[in-house]
1. List every residue pair whose Cβ atoms lie under 8 Å apart, where the two residues are 6 or more positions apart in sequence or sit on different chains, the first residue falls within region A:66-83 and is in contact (Cβ under 8 Å) with a residue 24 or more places away in the chain, and the second residue, located anywhere, is hydroxyl-bearing (Ser, Thr, Tyr) and in a loop (DSSP other than H, G, I, E, B).
2. Can you tell me which residue among A:88, A:19 is within 28 Å of residue B:117 (Cα to Cα), touching a residue at least 24 places away in the same chain (Cβ under 8 Å) and either surrounded by fewer than 24 Cβ atoms within 10 Å (Cβ to Cβ) or not polar (S, T, N, Q) (or both)?
3. Hey, which of the strands (runs of 3 or more DSSP E) in region A:235-345, taking only ones fully inside, have at least 3 residues that are within 21 Å of the chain's Cα centre (by Cα)?
4. For region A:226-247, which positions are within 14 Å of chain B (Cβ to nearest Cβ) and surrounded by fewer than 24 Cβ atoms within 10 Å (Cβ to Cβ)?
5. Among the residues of region A:65-85, write down those that are open to solvent by 10 Å² or more (accessible area, probe 1.4 Å) and in contact with a strand residue (DSSP E or B) (Cβ under 7 Å, 6 or more places away or on another chain).
6. For the subset of region A:56-112 comprising residues that are of a type in the set (A, V, I, L, M) and part of a helix (DSSP H, G or I), which member is farthest from the other protein chains (Cβ to nearest Cβ)?
7. Checking the conditions here, which among A:312, A:276 is more than 23 Å from residue A:168 (Cβ to Cβ), at pLDDT below 95 and open to solvent by 10 Å² or more (accessible area, probe 1.4 Å)?
8. Are there any pairs, at least 6 apart or on different chains, whose C-beta atoms fall under 9 Å, with the first in region A:193-216 and facing another protein chain (nearest Cβ under 10 Å) and the second in a strand (DSSP E or B) and hydrophobic (A, V, I, L, M, F, W, C), and if so, which?
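The values are calculated or read from the model by the stated rules, or taken from the named source; none is laboratory data. Just so you know, these numbers come straight off a predicted model, no measurement behind them. As a convention, Cβ positions derive from the backbone with ideal geometry for all residues, glycine included, and neighbour counts pool all protein chains shown. The area values use the complete protein model at the heavy-atom level, side chains included, leaving out ligands, DNA and RNA. Shrake-Rupley method; radii C 1.70, N 1.55, O 1.52, S 1.80 Å.
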Amino acid sequence: MLRKIGEYRYVVPKSFRAGMNIEGLIYADDELVKAIEKDQTMMQVANVATLPGLVGRSLAMPDAHQGYGFAIGGVAASDLKTGVVSAGGVGFDINCGVRLLASPFRLEQVQKQLDPLLNQMFRDIPCGTGKSGIIGNLSYDELEKVLEEGAHWAVKSGYGFAADLDHIEETGRIAGANPAKVSQRAKQRGRDQLGTLGSGNHFAEIQYVAEVFDAETAKAFGLWMDQIVVLIHTGSRGLGHQVCTDYLDIMQLGMKKYGIQIVDRQLACVPVSSQEGQDYLAAMGAAANFAFANRQMISHWVREAFHRVMGEGRLNVVYDVAHNIAKIEEHKIDGGRRNVLVHRKGATRAFPRHRPDIPKDYFEVGQPVLIPGSMGTCSYVLVGTEQAMEETFGSTCHGAGRAKSRHAAKKEITADRLISDLKAKGIHVRGASKSGLTEENPNAYKDVSLVVDVVHNAGISRKVAKLVPIGVIKG
Amino acid sequence: MPSNDYRIFEHPADIGISVRGRSWEEAFAKAARGLFSLIVDCTTVESNERKEVRLEGSDREQLFVRWLSELLYFYDGEKFVVSDVEVQTATSSTLAATVTGERWDVAKHSAKLDVKAITYHELKFVEHPDGIVEITFVVDI
């Protein structure tokens, strides 16, 4: 039922299911589309297309897989007057995202010190299930500041440098975030989790630049061959999960109030312009700020570990992007330009050069896009393109995308075998939990290189550099 | 908690749980046990404290999600880990239950998975002709 256009685009026509207001569009090649057809991704793209007031198309990136409500890898934009905001369209891990730090060290320098460096990082970065942060229970007053100021709070508190902020999406502080719209419960869940990596697919990896595809852009991003970099993947922890839970509940009631009918209750939504919608966006912004502060703090401990083991040499923030977020942005709609609310659930903003909202250091090249691969494979740095503005509301993929369930992944390999296999490939691993490691077995994911090739060839972002891990810290 | 109380099934990204009970009360209780079996090694948790839970919902789906979200909050917000539950009432809009457990102790308890939230996705209630009720739900991990 999919209609293929060219090599990398599959249209989900309005006839796919009743009630679709717009078409769906899935980015994939012949190989990846097979995986997408196996689960409910297409149906979820179609379900999203039934929401009121969406503009353009309901999109899925090549790493898309079945989620709950929205597909993971989904992008959808709402008209601000007639459209809706959906808490499920952002997901539970609000501003789950990645940050890349560029070191001044070369691969061979760090390889000699890899184990002491990994051990230091593993000691300094709290990770794993049920772990509290080093700073303990924050006072509610201090937490409110985190929620308002995001990474700016972290820098003021001694975690990192003011220059870091220029290289974070929205400078690490979402405007309009309002801690008063975040429930006491969400704050309670988050208080002792600030500065923790968490578990699941979250990680910190020591990697090196293994390939440069676009020398000029790589140079602008401060990246060079054989350079050691660190990729950090984490989000807003229990605070964000509770914000989503709270507003899903509020939106269940809101749908009755506003007479909105939906096909899957996880898609619960309210008008963007409603009080409930505005409250959600203010709370979501606060949770996103928590995540920006979290990654800023973890960066600080990574820097301290490098300093202790490797000596002098500053790690610079290349960029920090959100994978789960909803943002009001100006886009071309029906020939004109206007603000719309873009939901990105497992998708990355990918703005081209000359957009006012990207860092001045990257103004002439475009926004860095960070794509983490599965454990022990590789990750990519891409750059945003004009084509993405034309087609995907300036969005691209976010990672490899899960292909097998966690349970199936676990059955395939033991933790000890996985660790020794990775070690044979030159990748050293420290994990808080053995079962956590096996669930993230790289075979459980699609090949990130295939995913990245699709977005590159489709033109919705462009390859800049490939990063290969040598050390992994897993929650 | 006897593991035959619930059935864990695979979902591409997350984990699903399916329970059957002779009443909604029994099924709601089994769902709670299934949830906590994912979070912690239940054999390490003792029933040293009790909590009374009273909830309302606009329909059974909302009530159910609120019920499990409440228990998840006990764990992730209040650091209280559940050993068992008794559900006295579970109508389509109100719930009364007693929850037993104890404060989370990293030295004593063995954590398994971080459950982020309870979803409405694929949440299903079935009432069989023989009076057995069945609940299927998916949690985000």
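1. A:68/B:119; A:68/B:120; A:69/B:119; A:69/B:120; A:75/A:392; A:80/A:273; A:81/A:273
2. Being within 28 Å of residue B:117 (Cα to Cα), touching a residue at least 24 places away in the same chain (Cβ under 8 Å) and either surrounded by fewer than 24 Cβ atoms within 10 Å (Cβ to Cβ) or not polar (S, T, N, Q) (or both) holds for just one of A:88, A:19, which is A:88.
3. Fully inside region A:235-345 and qualifying: A:316-322, A:324-333, A:336-345.
4. Within region A:226-247, just A:246 meets the criteria.
5. Listed by number, the residues that qualify are A:65, A:68, A:72, A:79, A:80.
6. Applying the filter and picking the extreme gives A:107.
7. A:312
8. Sorted first by the residue in region A:193-216, then by its partner, the pairs are A:199/B:111; A:202/A:232.
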